[in-house]
Structures are given as C-alpha cells and as structure tokens.
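Step one of this worksheet: look at the structure below.
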Amino acid sequence: HFFPSNVSIPEDLLKNSTSNPWSFFHNLSGCHAGEKYDGLAKLKSYFQYFGYIPDSLSNFTDDFDDALESALRTYQRNFNLNVTGQLDNQTVNHVVRPRCGNPDIVNGSTSMNSGKTHNTSSNHVHTVSH
Amino acid sequence: YSFFTGMPRWRKQALTYAFSPGNQLTDDVKAVFSRAFDRWSTVIPLTFTQTDSINTADIQIGFYRGDHQDGEPFDGVLGTLAHAFSPPSGKFHLDGDENWVVTGDVTTSSLTTAVDLESVAVHEIGHLLGLGHSSVEESIMYPSISSRTKKVVLATDDIQGIQMLYGSNPNYNGSSTASVREKETGSSGGHR
C-alpha cells in the first residue's frame, strides 16, 4: 500500500490499521520473574528472533525464567532503557514499536550498548589529599 | 555504529540497483529510493545508479508479503517493516503489507499505521552497505521507528560508521549531518 500523506484513507483500511502483531505484548506489562503468564513464550520467541535468546534454546514455556530476564536486561541496555530485567511499561512500549527485521545480536555478538565492555575501574573513587 | 561480523563491504564504488519487476512501482516510489541512496553517497565515495535488469543489479529491491522464501517471513501491518542483507548480497526486502507513505508529511497522516518509506529505505541501505544496528537513538541505524515518524538525515554516528568502511566522499563538507532527528512524532506502534 502506497500513499501520499494527505490522501483520505479508505474506511476498510482504517478499520484494520491497528493490527500490530506485537500489540499482544501489552498484556504482559508488569509480569514478574519467577512467575508464569500466558504468552511469555511468544515474547521469548520475539527476543530470540532479534538475537537476545540463543538459537540453542527452544520449546519455550510461559515461565518468566532467567533466559527472559537476561534478554530483557540486554535489550534494555541496547535501547537505552532503564535496566530492570522486568517487563515494565517503558520496555513493553518499546518492544511493540515497528522495527527493522535484522537482528540486533548475531551469534551472541553485537556492537550495540550491551556488547561494549564497561570499565569497572570507574567504580572506584580516586582521591588526592591536599 | 556497528558492522556485520568480518566487516564485509563492497569492493567497487559504482553500484547499481533495480526494483523487482513484479512490484510495478511508480516513479514516485522509485524516487524515494533514489533520495535514500543519495543520502549515503553524499558522505562516501560510492555511487548508486538505477538499472532495469534485476538479475545483474548489485542491489535488488522488492516488496513482499508474508513468507517470501528467504527464511524471514514478514508479519503484516507494523511489526517488522523490512530487512536487508550484508555486502555483497544486495537483497533489500520490504513488507508489502505496510501502509507506506511516499510523499508529503507522514507525521500528519490520518492513518495511525503509516510508515515513512524513505526513513526505512535509508536505514536498510545502511545494512546493504555494511552497517549493523546502533544504540544511538538519533542515528538512522537505530533498529526501531514509530509509525508516522520521519527520520532520514544521517547522524554523526551513521557517518562515522560508514566512513570507517568506505572513507569520505571528497566533496563531503560535513554540512549534511544532523545530530537530532529531523522530525518525530507519532505512536508507539499501533496501539493508539
């Protein structure tokens, strides 16, 4: 479908305009680690598609497990979100955004934020007495 | 910015592109891609020329719906919008189910699922040239874009990345960069 922006959109198209394959993920907002929710398996498949869960894992369950929490943390780091490991509103709202189909992580490797090494020495406070 | 594993890049500077004949795209649609290619060729010494021969073109552009036999099926309105392969593949696929806005101001579209074609084209061309995704939100290579949003100007991050692969266009004077998005409004993905 190609449009100029100022054209009037046919009614039937407007009716179907809210069908986002990921809008279901809004229902998962607020889910907590260690619990089970319908649909989390789909979310794990989403994260695997974009490289956040290894291809070696399969047969996903609806459990909020360590793999999902780890994927969430990596995703949040890559997209400059608060790194909570939780399905907070901010994260879910970002997950449902339309995006490029290319993965963010390939074979566990990425140059996005999560692939950058952090200088742990910066955690130390250096003082000089005067 | 980031690169694909092994930093693949094109070994020639004059690249050609062609559209899938089955799509029968209008000149308006083709002009969008021409503008998108120009944005990259402004900053690097590569040229992009349209050709009618899809079989011999370096870059092949096509709109497809659902499963299109590359193992990465499209998913209908919104979700994934497009994907492109690393050099020297040249395959550039767009989701034919999206509501692509070709001309005018996408931010004022009455359709909440309207997606700006040029914004997506500029991003995918980055992949075709060898760039991966970036965490810099202002960059073209940031992976997501809201509907009814236009982001077509290369950010400093994009330019630094692509010039790492190809060097700078001798005529580039640095004036075409933008450190902020050209314009952004819109939904967070069709749940409005």
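Key figures for this structure:
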quantity	calculated
Strands (runs of 3 or more DSSP E) wholly inside segment B:4-79 containing at least 3 residues that are of a type outside the set (S, T, Y)	B:14-19, B:59-64
Leading residue by the ranking (nearest to the other protein chains (Cβ to nearest Cβ)) among those in segment B:96-117 that are within 19 Å of B:Y64 (Cβ to Cβ) and not in a strand (DSSP E or B)	B:T113
Selected residue (criterion: nearest to A:G108 (Cα to Cα)) from residues of segment A:26-77 that are assigned to a loop (DSSP other than H, G, I, E, B) and among the aromatic types (F, W, Y)	A:Y52
Leading residue by the ranking (surrounded by the most Cβ atoms within 10 Å (Cβ to Cβ)) among those in segment A:89-110 that are within 18 Å of A:L68 (Cβ to Cβ) and under 11 Å from the mean Cα position of the chain (by Cα)	A:D104
Qualifying residues in segment A:111-124 (those that are facing another protein chain (nearest Cβ under 7 Å) and either assigned to a helix (DSSP H, G or I) or modelled with pLDDT of 80 or more (or both)) - the one nearest to B:G76 (Cα to Cα)	A:M112
When residues of segment A:22-45 are limited to those that are without any contact (Cβ under 8 Å) to a residue 60 or more places away in the chain and crowded, with 19+ Cβ neighbours inside 10 Å, the one nearest to B:T113 (Cα to Cα)	A:L43
Residue check for B:L81: of a type in the set (A, V, I, L, M), more than 7 Å from every other protein chain (Cβ to nearest Cβ) and within 28 Å of B:S2 (Cα to Cα)	no
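The values are calculated or read from the model by the stated rules, or taken from the named source; none is laboratory data. Remember, predicted model here, so these are calculated numbers, not experimental data. Every residue, glycine among them, receives a Cβ derived from its backbone with ideal geometry; neighbour counts consider all protein chains shown.
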